[in-house]
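Asks: Below is a structure I'd like to ask you about.
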Amino acid sequence: MKDRSRPDAHAQGFNPLYATTIFQSDFPAGAWPAAFAIITACNPCGRKTVSAMNQSADLQLENDLRHRGLWYWRVTGGSPGFDHAEPGYAVELPLSEALDLGRKYRQEAIFWIERDELCIVACGSELRQELGSWTERLAWGGGLPRSPKNFGEPSSTTEVTPGTTI
């Protein structure tokens with residue numbers, strides 16, 4: 001049995017912070033598709049970007065999803081205390097297409113969920129790191145903010161190292 005108590009994401013070439021991500025959405029529990037991706041357009045290439053640029057990229061991503069006729073729903077991923085959070089979308093599409101979208105929006109990685117198993121998948125190398133149960137990392141409010149204070153930006157007390165895109 002794999003020990004999931006210590007993330008080994010860094011050993012797989014991922015930023016270790018990805019392995020601690022929690023998610024927030026108001027989508028009904030139990031109604032999620034069997035397989036979907038979580039994609040953000042914030043902080044391309046893992047570099048902190050100003051809020052206005054993140055908002056513009058997020059709008060472009062949403063328009064892209066709508067234009068393609070895909071099922072999608074707002075999901076925000078963030079640090080365990082939600083000091084840093086990035087809005088994104090749960091999108092029902094094949095993994096290969098999700099990785100293409102991640103690359104289009106210059107993301108280092110996307111999250112992939114299949115039958116409640118959460119993984120990080122690198123957009124470049126397509127390396128995959130299993131993280132355990134998706135539903136165990138999902139909150140429907142529960143004291144978390146409905147949206148981050150600053151769109152895709154960390155709080156002023158949060159340090160961001162290069163590649164810290166969630």
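The values are calculated or read from the model by the stated rules, or taken from the named source; none is laboratory data. What you are looking at is a predicted structure, and each value in this text was computed from that prediction instead of being measured. Please note: Cβ atoms are built from the backbone with ideal geometry, for glycine as well, and neighbour counts cover all protein chains shown.
Asks: Are any of the residues in the range 47-61 touching a Ser or Thr at 6+ places or on another chain (Cβ under 9 Å), surrounded by fewer than 19 Cβ atoms within 10 Å (Cβ to Cβ) and either touching a residue at least 24 places away in the same chain (Cβ under 8 Å) or among the polar types (S, T, N, Q) (or both)?
Replies: yes
Asks: For the range 61-83, name all the residues that are more than 21 Å from Ala31 (Cα to Cα) and touching a helix residue (DSSP H, G or I) at 6+ places or on another chain (Cβ under 8 Å).
Replies: Result: Leu61, Asp64, Ser79, Pro80.
Asks: Does the range 80-100 hold any residues that are more than 11 Å from the chain's Cα centre (by Cα) and over 12 Å from Phe36 (Cβ atoms), and which are they?
Replies: Pro80, Gly81, Phe82, Asp83, His84, Ser96, Leu99, Asp100
Asks: Quick check on my filter: what residues within the range 113-150 are surrounded by 17 or more Cβ atoms within 10 Å (Cβ to Cβ) and at pLDDT 90 or above?
Replies: Matches in the range 113-150: Ile113, Leu118, Cys119, Ile120, Val121, Ala122, Cys123, Gln129, Leu131, Trp134, Arg137, Leu138.
Asks: Out of all the residues in the range 73-80, is one or more under 24 Å from Leu17 (Cβ atoms), in contact with a strand residue (DSSP E or B) (Cβ under 8 Å, 6 or more places away or on another chain) and β-branched (Val, Ile, Thr)?
Replies: Taking every residue of the range 73-80 in turn, at least one turns out to be under 24 Å from Leu17 (Cβ atoms), in contact with a strand residue (DSSP E or B) (Cβ under 8 Å, 6 or more places away or on another chain) and β-branched (Val, Ile, Thr).
Asks: Right, another one. Would you confirm, using the coordinates I've provided, whether Ser25 is small (Gly, Ala, Ser), surrounded by fewer than 18 Cβ atoms within 10 Å (Cβ to Cβ) and out of contact with any His (no Cβ under 9 Å at 6 or more places or on another chain)?
Replies: no
Asks: Same structure, new question: Among the numbered criteria (1) touching a residue at least 24 places away in the same chain (Cβ under 8 Å); (2) in a loop (DSSP other than H, G, I, E, B), which single criterion is violated by Asp64?
Replies: Of everything listed in (1) touching a residue at least 24 places away in the same chain (Cβ under 8 Å); (2) in a loop (DSSP other than H, G, I, E, B), Asp64 misses just condition (2).
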